[in-house]
1. Just to verify a result, which residue in region 196-222, among those that are polar (S, T, N, Q) and part of a loop (DSSP other than H, G, I, E, B), is modelled with the lowest pLDDT?
2. Consider only pairs whose beta carbons are under 6 Å apart and that are at least six residues apart or on different chains; among these, list those whose first residue lies in region 189-218 and is at positive phi and whose second residue is polar (S, T, N, Q).
3. So SER188 clears everything in (1) assigned to a helix (DSSP H, G or I); (2) in contact with a Gly (Cβ under 7 Å, 6 or more places away or on another chain) except one condition, right? Which one?
4. Does LEU175 meet the test of being in contact (Cβ under 8 Å) with a residue 24 or more places away in the chain and over 30 Å from ASP40 (Cβ atoms)?
5. Looking at region 328-346, which of its residues are under 18 Å from the mean Cα position of the chain (by Cα) and of a type outside the set (Ser, Thr, Tyr)?
6. Does LEU260 fit the bill of being in contact with a Pro (Cβ under 6 Å, 6 or more places away or on another chain) and at pLDDT below 85?
7. Taking the conditions exactly as written (of a type outside the set (Phe, Trp, Tyr), part of a helix (DSSP H, G or I), modelled with pLDDT under 80 and surrounded by fewer than 17 Cβ atoms within 10 Å (Cβ to Cβ)), does VAL173 satisfy them or not?
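The values are calculated or read from the model by the stated rules, or taken from the named source; none is laboratory data. Keep in mind the model is a prediction, meaning the values are calculated, not measured. No Cβ is skipped: glycine too gets one built from the backbone with ideal geometry, and neighbour counts run over all protein chains shown.
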Amino acid sequence: MYDSQPLQQPDAPHSWPLLSPRNSLILLLCVLLVIFFVLDLVLGSVDIPFGSVIDIVSGKGSDNAAWEKIVTYIRLPKAITAVIAGAALSVSGLQMQTLFRNPLAGPSVLGISAGASLGVAMVMLASGSAANAFAIRQLGLEGSWLIVAASTAGAAAVLLIVLAIAVRIKDNVVLLIVGIMVGNITISIISIWQYFSEPEQIQDYLIWTFGSLGGVFGTQLSVLGVVVALGLVISFAASKSLNVMLLGENYARSLGMSTLSVRITVIAATSLLAGSVTGFCGPIGFIGIAVPHLTRSVLNTSDHRFLMPSSCLVGAILMLACDIIAQMPGSRTALPINAVTALIGSPVVIWVIMKNRNLKSSFA
């Protein structure tokens with residue numbers, strides 16, 4: 001006779017801990033970041049085998065000295081710069097959109113990048129050969145801090161002007177127009193300064209405005225990483241405050257929150273992030289506007305505790321993808337990174353608008 005007791009069933013699959021959908025998505029973004037980072041190291045004008053690139057990065061070296069120099073001194077610093085710049089611009093754009101509760105807000109649209117460009121122009125276009133961009137780069141740490149300080153101060157000055165006007169103007173659309181006008185005034189000052197500058201100085205500045213991820217290495221890369229890390233720490237610390245700001249300043253005040261301190265925190269973080277990246281890599285547009293919208297669309301949330309790290313990852317991935325396109329693998333031609341980000345970022349924003357139909361719902 002068979003035992004009439006039912007067979008004991010194994011533990012149900014749901015008894016094992018599973019990642020939440022959002023955490024799973026963040027994990028997927030981390031995997032994509034690694035993939036695009038490796039692709040950025042492998043693809044380029046010089047064909048280097050995948051295995052050789054991995055050996056060089058892991059410290060094993062390569063029998064081909066030329067390959068090792070290309071990967072170590074050119075491609076690896078450029079890929080790291082792309083990750084840093086993508087994360088910094090994405091987070092700064094996210095904070096601007098939340099602070100102004102405006103889907104079109106961003107470091108470039110509100111004139112922050114123009115202010116940073118003015119700060120750099122004050123250094124590059126100043127009279128005297130010592131202010132030449134290439135001479136400044138040779139100064140090492142002191143020269144790097146000079147560029148960072150000038151660009152950050154210029155970005156902070158423009159943003160302070162916009163925020164001072166925001167105290168009196170409550171309409172976000174009008175405020176956005178004012179920000180664009182302030183940025184245009186800044187660009188006009190730079191144009192007048194260029195008119196009276198030497199041709200060599202103008203050429204150096206114009207090359208800088210095209211944007212480049214390949215000119216940051218050694219000490220400059222270390223300085224950029226430290227400044228951006230500081231800006232990201234400040235931004236992540238303000239995540240909960242930004243969630244409250246989405247509900248309106250009156251609601252934030254009713255909870256006892258100091259909206260002035262939140263604005264100052266966002267000013268400091270955005271100035272560090274956008275100012276430092278603009279100083280070292282040039283004015284890179286569209287990443288700060290496109291990535292926050294793309295991240296909200298993918299995560300389907302407005303919670304900055306998830307948006308902040310996700311925006312960092314998406315921004316880094318998108319910047320790596322733009323860098324791969326810009327270097328045109330198999331060709332010796334390299335496109336300006338600013339042109340590629342515009343080509344990629346604009347369709348992304350249009351796609352998000354067509355999908356969501358109403359971007360203001362994320363800021364209600």
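1. Filtering region 196-222 for residues that are polar (S, T, N, Q) and part of a loop (DSSP other than H, G, I, E, B), the one modelled with the lowest pLDDT comes out as SER197.
2. Matching pairs, first to second residue: GLY211/ASN338.
3. (2)
4. Yes, satisfied.
5. Answer for region 328-346, where residues must be under 18 Å from the mean Cα position of the chain (by Cα) and of a type outside the set (Ser, Thr, Tyr): PRO336, ILE337, ASN338, ALA339, VAL340, ALA342, LEU343, ILE344, GLY345.
6. So LEU260 does not fit the description; no.
7. So VAL173 passes the test.
Results for (1) of a type outside the set (D, E, K, R); (2) over 19 Å from THR341 (Cβ atoms); (3) within 13 Å of the chain's Cα centre (by Cα); (4) at pLDDT below 85, shown as yes or no for each residue.
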| residue | (1), (2), (3), (4) |
| --- | --- |
| ILE234 | yes, yes, no, no |
| LEU242 | yes, yes, no, no |
| ILE267 | yes, yes, no, yes |
| ILE287 | yes, no, yes, no |
| SER297 | yes, no, no, yes |
